[in-house]
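Any read-out appearing in this document is the output of simple, stated calculations on the displayed coordinates, not a laboratory observation. The structure presented is a predicted model; accordingly, all values stated were derived computationally and were not measured. In this analysis, Cβ positions are derived from the backbone assuming ideal geometry, glycine residues included, and neighbour counts consider all displayed protein chains.
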Amino acid sequence: MKPNQLVTLISPVKSDDTLWINQDATFSMGDFGPQKQINYEIKTPGNGVYIFVIEGSVKINGQNVNKRDALGVYDISSITIDTETKSRLLIMDIPML
């Protein structure tokens with residue numbers, strides 16, 4: 001994995017770089033250093049996002065989320081994640097209906 005960058009793991013688009021899923025869902029993961037900002041755009045309009053903090057601590061749209069915690073958001077087009085410590089994130093962009 002490249003540091004400070006989200007990598008798409010699962011996608012509704014067939015590609016040699018990702019696993020394919022027959023849904024409008026995208027799973028991405030990334031390792032980030034402290035004091036980094038991630039601006040995540042929702043991949044499919046109407047989807048929500050579930051962010052799982054595997055390691056570290058972050059602020060998601062201003063709300064603290066720590067190791068092994070998660071936050072789900074919907075009815076938005078983007079989110080901002082600010083890392084407070086070295087962090088590993090899993091972001092699931094999934095249909096809400």
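In terms of surrounding Cβ atoms within a 10 Å radius of their Cβ, Leu71, Leu89 rank from fewest to most as Leu71, Leu89. Antiparallel beta bridges, as assigned by DSSP with both residues in region 1-82, represent about 85 percent of the total such bridges. Between beta-carbons, use under 13 Å as the cut-off and find the net charge around Thr80, counting Lys and Arg +1, Asp and Glu -1. That works out to 0. Under a model in which nothing but the beta-carbon of Lys, Arg (+1) and Asp, Glu (-1) is charged, region 1-46 shows a dipole of about 80 debye around its Cα centre.
Using a 10 Å cut-off around each Cβ, can you sort Val73, Val53, Val13 from fewest to most neighbouring Cβ atoms?
Exposure proxy ranking, most exposed first: Val13, Val73, Val53.
The distance linking region 15-43 with region 54-94 is 12 Å (Cα centroid to Cα centroid, whole angstrom). How much net charge surrounds Met29 when only the other residues with a Cβ under 14 Å from the Cβ of Met29 are counted, with Lys and Arg +1 and Asp and Glu -1? Spelling it out: positives minus negatives among the neighbours equals -2. Across region 48-64, computed HN-Hα scalar couplings (Karplus, 6.51 cos²θ - 1.76 cosθ + 1.60, θ = phi - 60°) run x, 10, 10, 10, 10, 8, 6, 9, x, 8, 9, 10, 10, 6, x, 9, 5 Hz from first to last residue, x flagging Gly and Pro.
Note on Asn64 and Asp17: the extension gain reaches 13.7 nm, defined as 0.36 nm multiplied by sequence separation minus the Cα-Cα distance. Backbone phi angles across region 15-32, fed through the Karplus curve with coefficients 6.51, -1.76 and 1.60 (θ = phi - 60°), yield HN-Hα couplings of 7, 6, 8, 9, 7, 8, 10, 8, 8, 7, 10, 10, 10, 10, 9, x, 9, 10 Hz in residue order; Gly and Pro are listed as x. For Asp31, Asp69, Asp75, the sequence from fewest to most other C-beta atoms within 10 Å is Asp75, Asp69, Asp31. By the compact-protein rule of thumb, 2.2 N^0.38 Å, the alpha-carbon radius of gyration of region 7-91 corresponds to a ratio of 1.08.
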